[in-house]
1. Pop the C-beta distance of ASP230 and PHE623 into the FRET formula with R0 = 41 Å and round what comes out to the nearest 0.05.
2. Between THR424 and ARG385, what is 0.36 nm times their sequence separation minus the Cα-Cα distance? Round to one decimal in nm.
3. With unit charges on the beta carbon (Lys/Arg positive, Asp/Glu negative), name the residue among HIS300, GLY482, TRP240 whose Cα is farthest towards the positive pole of the charge dipole of the chain.
4. Would you work out what percent of the accessible area of the chain, with all protein chains in place, is carbon or sulfur (probe 1.4 Å)?
5. Hey, can you rank 37-44, 110-117 by average C-beta count inside 10 Å, highest first?
6. Assuming R0 = 22 Å, can you tell me the calculated FRET efficiency for the pair TRP519 and GLN363, based on Cβ-Cβ distance, to the nearest 0.05?
7. Using only protein heavy atoms and a 1.4 Å probe, report how much of ARG268 is accessible, in Å² to the nearest 10.
8. How many nm separate the modelled label positions at ARG159 and ARG83, each set 7 Å beyond the Cα in the direction of the Cβ?
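The values are calculated or read from the model by the stated rules, or taken from the named source; none is laboratory data. Just so it is clear, the model here is predicted, and its values are computed rather than measured. We place every Cβ from the backbone using ideal geometry, glycine too, and count neighbours over all the protein chains shown. Accessible surface is based on the protein model in full, side chains and every heavy atom, while ligands, DNA and RNA are left aside. Shrake-Rupley method; radii C 1.70, N 1.55, O 1.52, S 1.80 Å.
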Amino acid sequence: MPIRTLPALMVGLSLCTATQAEQPDTITRLAQSDDWLTLGHYHPDTLGSGHTSQADDDSFFLSPEGKSNPEAELRATIDAITRPASGDDNQHARCEFPARDAWIRSHLSLPSPEVDCTDFDQWKAELNTEAVTLVFAASYLNSPSSMFGHTFLRLDPPREDGETNLLLANTISYAADAAEHDSEILFAYRGIFGGYPGITAVQPYYEMIKVYSDIENRDLWEYRLNLTPDEVGQMLAHTWEIQDRNFDYYFFDENCAYRLLALIDVARPGTELLDEVSTHAIPSDTIRWVVDRDLVESIHYRPSAATRVSHALSELSPDERQLAAAIANGYVALDDEEVKSLPHSARARVLDATYDYVRHQAQAEDWPRDFAAPLSHDLLIARSRLQEQPSLSPPPRPEVRDDQGHDTMRLGLNTGDTGKRHYTELSLRAAYHDLLDPPAGYRPGAQLQFLRMDARLYHDKQELQLDNLVGVEIRSLTPRDGFFKPLSWQVGFGGRRTELDNGTRVFTPYLEGGAGGSWRITDEVQGLAVLTGDLEISKHLRRGYDMAPGADVALLRQGDTVSLITGLRSKAWIVSDQHREDELYLQAAFHIDRDYSIRTRLSRTHHYNRYETLWQLGFHAFF
């Protein structure tokens, strides 16, 4: 060896020794970084200073201690991705965990064993992703899993000549892996308390549209994210890491929206979207957080089939609507004089709206094919003779998006009087929306409250009482008309104060429900009539429980400035103490803006041959 090479060799050895000495400290620091904790889905322990991963699949970890030891998992990953390949390259850690591999190598200089990740490369090539769009499907009260809405990611392919068929794009979604035979009640129970594994699925966008938009009649909002190509690649790499691995599903926090936030956090370190989640992750809230972080490049509205049909019918005059309904139901033929005598423009509108309605009913309501198919064909033939007439305009984009409505948590401070006692009331609701909350951004006629507590302080004796505890309360009051005839329904459970015959008010668990109809009276007012049923269970009741069939007749107005509901409800308690309970009520809200309201309540109740007049006034804030 030439003498002149010895100094260089000594310097190289010293640098190598220094790197080896610094490596343990560097690894410890990296293991504590937010980026690594996000890649491993680690979250701080409730008790203690450690971290535990939310991944519930042993195959997600390369260290036996990986579930609760981020540093051990990082060291095991470094060892695995630097180990020479043997056997099937696709089983190598670099192929199974490409996002981890890329992140670690961006911070450490490591040996790079040659591996051919054909499975991952083929999967990524098939997805052909240039950009990512976060899609929000509006709430759907008929399914516990979708009451708060649903979010998923669309993987947009490169734009070719400015036109790309996004219906063929793939999507990433996270949902509970529930058995097909599980009832909605069982799904809700296991979803709340953690009885289902969560799965990350990739499927075409047109299949999502068919389910959400065409069958469940849910509008879609598409938020194109401003991720860079490298960030898109890191998101796909991490999706590959988790798609076949189990993360337990929880309805209120570790749900569809939560997992997608984690993917965005991985793609763009530092966004810290998951830090916004406390007790629950409501999809509309998560969209709001993404928008607030300036992660959105553009927004597109995709109306549901029902929205398009409703808009088309709204373009018709009352007489034209009546004729369209008669044609759709087979009472009027297309060659009848009543149709042929219409001006060309009016006839084209009627034919377009009727066709849209028939196709929607055939798909969403299972109209018989032998009726719907020939009628649809005849409508198209008749419309083709009026080609010079323009088609109906598409539905306008709503002025307020779902993520622009009021925040979902609510705090209220009220004062009131029962006629005998004056009180101050504190009301706190975890989620989501009731009929008198500011309506902008929420589905008209829909109410979904979760975990609402009303506590009263009576001033005469300084007595603090829990007056009402709502577990879940749902109301769906969609108006009926000549085309759509939805059932209005309600259900709820929790605990409330009920009055006994001696005047004592006791706290009683309850279950209530009802079904009926709602009809549009004016553009802003609808009437409703619902048959109800109540069940109360308490040791204070003579037989331990009581049941009451009843009815509720009311008028509802939901407006941007004033909302109110007034009506009469009556119940007949038939088990323990047979008696009637009648109430005439008025509740109103003045909306200062979308996050603040003044609420008032006035009622006159007849119960056990006693009359009581109650008034209440309060201020509600949403956050």
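1. Given R0 = 41 Å and the Cβ-Cβ separation, E is 0.70.
2. Working: separation 39, 0.36 × 39 = 14.04 nm, distance 6.88 nm.
Working it through step by step, the gained length comes to 7.2 nm.
3. Positive-end residue among those listed: GLY482.
4. Values: 16370 of 30250 Å².
It is 54 percent, rounded to a whole number.
5. 37-44, 110-117
6. FRET efficiency, TRP519 to GLN363: 0.30.
7. Using a 1.4 Å probe on the heavy atoms, I get roughly 50 Å².
8. It is 4.6 nm.
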